[in-house]
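The structure appears right after this line, and notes come after that.
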Amino acid sequence: MPSWVRWRKARGVPAEPLVLLPGMMCDGRLFGPQIARFGRDRAVHLGNITGAATVPEIAAHVLADAPPRFALAGLSMGGIVAMEIMVQAPERVTRLALMDTNPKAEVAAVAQAREPQIAAVVDGQLAPVMRDEMKPNYLAPGPRRAEVLDLVLDMAMGLGPDVFVRQSRALQVRPDQQETLRGVTVPSLILCGVHDALCPIHRHELMASLIPDAVLEVVDGAGHLPTLEQPEAVIAAMETWLAA
């Protein structure tokens, strides 16, 4: 435990709550190791990003259930929602972590490529669509790859096709947040896996360049889901961020 956290606990000052926003078709298990670690000395809240059809609506729902002020971390689609929260209520966010995500609006080709996926999922093919998307884009090679893939598929199947469609539609029309990031003034962590093919390193270098004094962490041995692939490296980066 960092000395900063020990100091606050010893004097009875509660650590700020931490709100975590998972990626598309993921639940709280995406942050399982981080929840286990940070839940020991602060309240950890998991934001619900499954119930609305646009990113601004999703962000509003998260804010309605969140503490008055909080540290905010989002991965992939969760990071996209986190950036929208910085539009709607920046005064409530004490620090920001954006992981394996993208500040740009969806380009037309990617938006169009979602249409056959949506059609297949509506036709009952959620599992094969998720497998086809995960294999090339999600994870780094390594001994835990199959285990993490199985967990991601289990999370997706638990959420179901309706969530897939809603989240896909929300991503298709998401706003560009580059100007939003230029206005961020809280301590910020930008983190990604070195093997992330879905949101590559150059996207994170861009985000780090837009946010004044942001810290960029590139995690070795990880792809799009470093919270599961290299959980201890992510925990270490987050501990430093939470102590900033």
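None of the figures in this text is laboratory data; all of them are computed from the coordinates on show. Quick caveat: nothing in here was measured; it's all calculated off a predicted structure. We place every Cβ from the backbone using ideal geometry, glycine too, and count neighbours over all the protein chains shown.
State to the nearest 20 debye the size of the charge dipole of region 30-148 about its Cα centre, where the only charges are +1 on K and R beta carbons and -1 on D and E beta carbons.
For this selection, approximately 560 debye.
Go ahead and run the numbers for FRET between Val215 and Glu91, Cβ-Cβ distance against an R0 of 22 Å, rounding to 0.05.
Between Val215 and Glu91 the formula returns 0.50.
Would you calculate a helix-derived [θ] at 222 nm for the chain, using -39,500 (n - 2.57) for each DSSP H run of n ≥ 4 and dividing by the full residue count, to the nearest 500?
For the chain, the value works out to -15000 deg cm²/dmol.
Based on the mean of other Cβ atoms within 10 Å per residue, sort peptides 73-80, 189-196, 146-153, 15-22 so the most packed one is first.
Ranked by mean Cβ neighbours within 10 Å, highest first: 73-80, 189-196, 15-22, 146-153.
Just one of [x] 0.96; [y] 1.01; [z] 1.13 is Cα Rg over 2.2 N^0.38 Å as worked out from the coordinates here. Which one is it?
Only one listed value fits the structure, namely [x].
Please determine, in degrees from 0 to 90 and to the nearest 10, the orientation of helix 55-65 with respect to the longest principal axis defined by the Cα atoms of the chain, where the helix direction is its Cα long axis.
Approximately 40 degrees, to the nearest 10.
Extending each Cα 7 Å along its Cβ direction at Ala244 and Val173, get the distance between those two points in nm, one decimal.
3.3 nm
Answer with one residue from Leu149, Val55, Ala243: the one whose Cα lies farthest towards the positive end of the charge dipole of the chain, charges on Cβ with Lys, Arg +1 and Asp, Glu -1.
Checked the options; the winner is Ala243.
Cα axis of helix 77-88 to longest principal axis of the chain: angle in degrees, 0 to 90, nearest 10?
Its long axis makes an angle of about 60 degrees.
Just order 33-44, 102-113 by mean Cβ neighbour count inside 10 Å, highest at the front, would you?
The densest-packed peptide leads the list: 33-44, 102-113.
About its Cα centre, what dipole magnitude does the chain give when the only charges are +1 on Lys and Arg Cβ and -1 on Asp and Glu Cβ, stated in debye to the nearest 20?
720 debye
Which residue, chosen from Pro67, Leu206, Met77, occupies the Cα position most advanced towards the positive end of the dipole of the chain, where the dipole is computed from +1 (Lys, Arg) and -1 (Asp, Glu) charges on Cβ about the Cα centre?
Toward the positive end, the furthest listed residue is Pro67.
If one takes the longest principal axis of the Cα atoms in the chain, at what angle in degrees, from 0 to 90 and to the nearest 10, does the Cα axis of helix 161-172 lie?
With both axes taken from Cα atoms, the answer is about 70 degrees.
Taking the mean number of other Cβ atoms within 10 Å as a proxy for protection, how do you rank 56-62, 210-216 from highest to lowest?
Descending mean neighbour count gives 56-62, 210-216.
Just subtract the alpha-carbon distance of Val107 and Asp154 from 0.36 nm times their residue separation and send over the number in nm, one decimal.
14.0 nm
Taking R0 as 30 Å, what's the FRET efficiency between Ala36 and His202 from their Cβ-Cβ distance, rounded to 0.05?
0.40
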